[in-house]
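What follows is a single structure, written as structure tokens, with notes after it.
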Amino acid sequence: MNSVADYAPILIQLLLATGLAAGIVGISHLLGQRARKRTAITDTAYECGVKSEGLVHTRFSVKFYITAMLFILFDIEVVFLIPWAFIYRDFLANNIPILAPIGFFFGLLVLGLVYEIKKGALEWEK
């Protein structure tokens, strides 16, 4: 049977993490820059002492987000290659063919990149 004593380390860690987070936020709220001097200018997102002009929240183009998502997608796919690079020698030592699956993976990467280039997802100006 599990008792409370079995979960004590987890509970202590949760309490310490919650207390530390609350303490840091509380101290920042009490002693931070905005606590000393509150004006309309200092409450802006990027305070520089000059009243901001124009829209505070500029709108980004959808192309920016598409490019960011493509970067993340291809970055994650490249991360899948790291374990392959580390165990490639072990596969060769055990006579396990690994070039065909990794060639297929590279082929999918290249096919996806060609598709995105043809769709114009990487072009900023259209």
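Residue by residue through segment 72-126, note down the ones that are within 30 Å of SER61 (Cα to Cα), surrounded by 10 or more Cβ atoms within 10 Å (Cβ to Cβ) and of a type in the set (Asp, Glu).
Answer for segment 72-126, where residues must be within 30 Å of SER61 (Cα to Cα), surrounded by 10 or more Cβ atoms within 10 Å (Cβ to Cβ) and of a type in the set (Asp, Glu): GLU77, GLU116, GLU123.
Kindly indicate which of ALA35, ALA22, ALA5 is outside the structural domain of LEU109 (by TED's automatic domain parsing), of a type outside the set (Asp, Glu), modelled with pLDDT of 85 or more and part of a helix (DSSP H, G or I).
Details: ALA35 fails: modelled with pLDDT of 85 or more; ALA5 fails: modelled with pLDDT of 85 or more.
Answer to the selection: ALA22.
Which ones in segment 59-84 are basic (Lys, Arg) and without any contact (Cβ under 8 Å) to a residue 40 or more places away in the chain?
Within segment 59-84, ARG59 is the sole residue that qualifies.
List the residue pairs whose Cβ atoms are under 6 Å apart, where the first residue sits in segment 97-126 and is within 18 Å of VAL79 (Cβ to Cβ), the second is modelled with pLDDT of 85 or more, and the two are 6 or more positions apart or on different chains.
Filtered contacts from segment 97-126: no entries.
For LYS63, indicate whether it is modelled with pLDDT of 80 or more and in a helix (DSSP H, G or I).
Details: modelled with pLDDT of 80 or more: no; in a helix (DSSP H, G or I): yes.
Here the answer is no, as LYS63 does not meet what is asked.
The values are calculated or read from the model by the stated rules, or taken from the named source; none is laboratory data. Nothing here was measured: the structure is a model prediction, and the numbers come from that model. A quick note on method: Cβ atoms are made from the backbone with ideal geometry, for glycine too, and the neighbour counts reach across all protein chains shown.
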